[in-house]
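Each value in this text was obtained by applying a stated rule to the coordinates, not by laboratory testing. Keep in mind that what you see is a predicted model, and the values were worked out from it rather than measured. Cβ placement follows ideal geometry from the backbone for every residue including glycine, while neighbour counts extend to all protein chains displayed.
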Amino acid sequence: MCGIAGFIDFNKKSTTSNIQSMIEPLNHRGPDGEGTSLLKSKNAIIGFGHKRLSIIDLSQAGKQPMNYSHLHVTYNGEIYNYQEIKNELSALGHHFKGQSDTEMILHAYAEWGIKAVERFIGMFAIVLFDEKKQEVIFIRDRAGVKPLFYYQKNDLILFASELKSFHEHPEFDKKLNLNTVAAYMQFGNVPTPYCIFKNCSKIKPGHYLKINLDSKSQEEVQFWNVYDYYNKPKLKLSFSEAKIQTKELLKSAFKYRMIADVPIGVFLSGGYDSTTVTSLIQADLTSKLKTFTIGVPNIGLNEAPYARDIAEHLGTDHTEINCSEKEAIEMIKDLPFFYDEPFADSSAIPTTLVSKAARKDVTVALSADGGDEVFGGYNRYDYMHRYGKTLSSIPKAVRKVFLSAMNSIGSDNIPVLKNKYNFHNRYERLKVFLENLNKKEIMLSLSQQFSDEQMKSVMKSDFESLPTMFQSKEMLEDFKSPLSYMMAIDFQTYMLDDILQKVDRATMTNSLEGREPMLDHRIIEFAAQLPDEYKYQNGIKKRILRAITHDHVPKELLDRPKMGFAIPIAKWLKTDLRDHVEEYLNEDRIEKQGIFNWNFIAKLKIDFYSGRKEYDSKLWYFLMFQMWHERWMEN
């Protein structure tokens with residue numbers, strides 16, 4: 001795992017010192033070494049920079065940027081099946097100097113061209129320069145585990161693992177894209193392929209972008225699409241047969257991700273996903289697997305006791321990290337540096353804290369993200385199945401009465417329920433169901449804090465709503481069950497732009513490589529073709545994953561409500577962060593900034609502090625943007 005940055009400068013003005021400046025802010029992604037190269041072609045200067053976190057082949061033979069014949073590469077990620085591909089290449093006459101997967105990428109491209117990427121099992125952001133073809137190719141892995149940003153203006157193209165690198169190039173024109181500011185306010189992140197800055201984008205997952213240096217032409221190609229598998233007939237397998245095949249795929253994916261020349265551990269929350277990963281890996285080990293979980297007393301939900309029971313049952317070498325509420329709150333001030341594009345998922349805080357603690361013992365940590373999107377684990381899938389038809393049967397006029405009542409009564413005024421986990425957020429979401437029962441609109445609205453109509457009041461200036469994967473029409477009607485539809489959308493939106501961005505920044509902040517075994521493309525390709533009832537049946541989410549896990553861990557140790565990294569945002573906003581709210585969300589600052597409508601924010605603050613606890617996330621979105629804006633636009 002590493003950090004990469006560089007440029008293609010058709011003006012031929014950029015220098016080695018520019019590359020050096022661009023990789024300097026990425027030291028947290030790769031503290032073990034660095035390298036730069038300045039490559040010249042007839043029409044452009046190409047700069048490649050690399051910060052290295054040594055994982056495989058710790059010797060200088062794995063140093064980047066790397067070249068072979070007429071090919072040059074700088075790369076962030078891991079190709080887990082690199083040894084098998086190397087063996088195949090060796091049989092074809094290729095000779096290798098070292099043991100790194102980077103060297104394999106160059107030889108594979110020399111042998112098979114861009115088709116080589118279809119053989120890779122792993123996570124990767126690759127930038128490759130082919131001198132013979134005079135092409136530079138940007139390649140991003142199928143799920144989008146590894147980030148890759150690029151910027152282009154005035155015959156200059158910049159690329160990097162994180163946006164902060166762009167600020168170090170003198171020709172970077174830092175201007176906000178108000179359309180993406182609006183998108184952030186709706187989703188809590190900037191959806192792919194957009195970027196918070198004008199002239200800046202993200203390479204799409206499962207795509208490569210080819211730039212011809214002679215003609216300056218660009219070609220974007222999709223080499224993998226999750227819909228190709230959702231749009232296939234369901235496999236005709238019994239549940240027991242499907243369970244066997246799923247388990248074998250999981251074991252293969254997990255085994256691949258245990259390959260490293262440094263210590264490896266697993267994040268264990270005690271839920272089904274992380275327990276599946278831990279139990280299947282530990283079953284094949286003679287030594288004790290290192291597992292890590294975090295507990296933050298006094299901030300609400302704490303999964304540490306459950307993880308402890310699972311670890312004890314499986315016999316792992318378990319570390320339970322306890323941090324104080326004060327530590328968690330103090331971390332907030334650092335979030336805008338590491339999340340250098342506005343980001344509002346508060347679970348970034350505990351994810352960063354557990355990564356920091358794990359780094360003391362390991363250099364690689366496996367996470368279990370993707371299990372919900374691949375095997376059907378989110379509560380909203382359950383709600384759609386349970387309540388969709390019921391709500392549809394309620395006359396529209398009656399729904400309007402309920403909606404009006406909910407708009408006038410705050411969630412904190414509902415007896416008993418107000419003390420339930422996540423009730424305030426669900427209360428807000430129920431309004432969406434009552435207002436619009438169209439499947440597509442429900443899915444979109446469930447993912448937004450502010451509707452398109454509300455955004456007209458949020459934003460002071462004009463903006464355009466950006467098309468996202470929520471508007472995709474790629475799933476064929478013959479295969480569009482509610483469950484498949486929602487899972488495919490989540491895989492390309494929430495997982496990509498929230499979960500994966502969060503884990504990448506949280507781990508790399510601490511120079512820790514995070515690996516995502518559930519996102520092995522072979523797993524999603526197979527799971528997408530499983531019958532819906534193998535994933536969700538009669539209220540049982542992730543049915544097949546549960547069955548596999550129960551072979552190793554008793555059901556009674558696992559069956560409990562879904563929790564997640566819950567952070568008491570409402571409490572903090574009313575107490576420890578109240579001064580922050582007043583500092584960043586005051587009339588003078590908002591009016592001077594000219595982005596948001598002050599009257600909307602003022603009313604939101606009044607409503608929240610008057611008891612509308614369900615507005616905590618909306619207020620948090622504003623606060624996180626304002627703190628980001630101060631760090632990257634005002635300083």
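In the chain, Cα pairs under 8 Å separated by at least six residues give a relative contact order of 16 percent. For segment 241-345, chymotrypsin sites (Phe, Trp or Tyr not before Pro) are listed when DSSP marks them as loop and at most 16 other Cβ atoms sit within 10 Å of their Cβ; the list is empty. When Cys200, Cys195, Cys2 are sorted by how many other C-beta atoms sit within 10 angstrom of their C-beta, beginning with the fewest, the order is Cys195, Cys200, Cys2. Net charge in the neighbourhood of Lys175 (other residues with Cβ under 12 Å of its Cβ; Lys, Arg +1, Asp, Glu -1) is +2. If you take the square roots of the eigenvalues of the alpha-carbon gyration tensor of segment 139-234 and sort them as a ≥ b ≥ c, do you get rounded (a/c under 1.5), prolate (a/b over b/c) or oblate? The shape class here is oblate. Would you work out if segment 200-350 is rounded, prolate or oblate? Take a ≥ b ≥ c from the square roots of the eigenvalues of the alpha-carbon gyration tensor; rounded if a/c is under 1.5, else prolate when a/b is larger than b/c, oblate otherwise. Oblate, since a/c reaches 1.5 and b/c is not below a/b. Close amide-amide hydrogen proximity is noted between Tyr194 and Lys202, each under 5 Å apart and 5 or more residues distant or on a separate chain (H modeled in the peptide plane; Pro and chain starts excluded). Give me the net charge of Lys542's neighbourhood, meaning all other residues with Cβ under 9 Å from the Cβ of Lys542; Lys, Arg count +1, Asp, Glu -1. Around Lys542, the charge tally is +2. Toward the positive end of the charge dipole of the chain, about the Cα centre and with charges on Cβ (Lys, Arg +1; Asp, Glu -1), which of Ile85, Pro193, Ala61 goes farthest? Projecting each Cα onto the dipole axis, the largest value belongs to Pro193.
Seen from every direction in turn and averaged, the convex hull around the alpha carbons of segment 514-635 projects onto 12.7 nm².
Using the rule -39500 (n - 2.57) for each DSSP H run of four or more residues, divided by the residues of the chain, the 222 nm mean residue ellipticity is -11000 deg cm²/dmol.
The Cys residues in the chain with no partner Cys Cβ within less than 4.7 Å of their Cβ are Cys2, Cys323. Return the whole-Å distance between the Cα centroid of segment 229-268 and the Cα centroid of segment 567-635. Cα centroid of segment 229-268 versus Cα centroid of segment 567-635: 43 Å apart.
Cβ crowding within 10 Å, taken as a proxy for footprinting-reagent exposure, orders Ser279, Ser201, Ser100 from fewest neighbours to most as Ser201, Ser279, Ser100.
The listed peptides 456-465, 352-361, ordered by packing as a protection proxy, come out as 352-361, 456-465 (highest mean of other Cβ atoms within 10 Å first).
Under 5 Å from the amide H of Glu34 lie the amide H atoms of Arg52, each residue being 5 or more positions distant or on a separate chain, with H modelled from the backbone and absent for Pro and chain starts. Most tightly packed first, judged by the mean number of other beta-carbon atoms within 10 Å of their residues, the peptides 610-620, 83-93, 240-250, 57-67 read 610-620, 57-67, 240-250, 83-93. For a straight C-alpha distance cut-off of 27 angstrom, the lysines reachable from Lys571 (same-chain residues fewer than eight places away being disregarded) are Lys326, Lys333, Lys356, Lys418, Lys420, Lys431, Lys502, Lys562, Lys603, Lys605, Lys613, Lys618. Near Ala358: Cβ cut-off under 11 Å, other residues only, Lys/Arg at +1 and Asp/Glu at -1. The net charge is +2. Applying both filters, DSSP loop and at most 13 other Cβ atoms within 10 Å, to the trypsin sites (Lys or Arg not before Pro) of segment 93-133 gives Lys97, Lys132.
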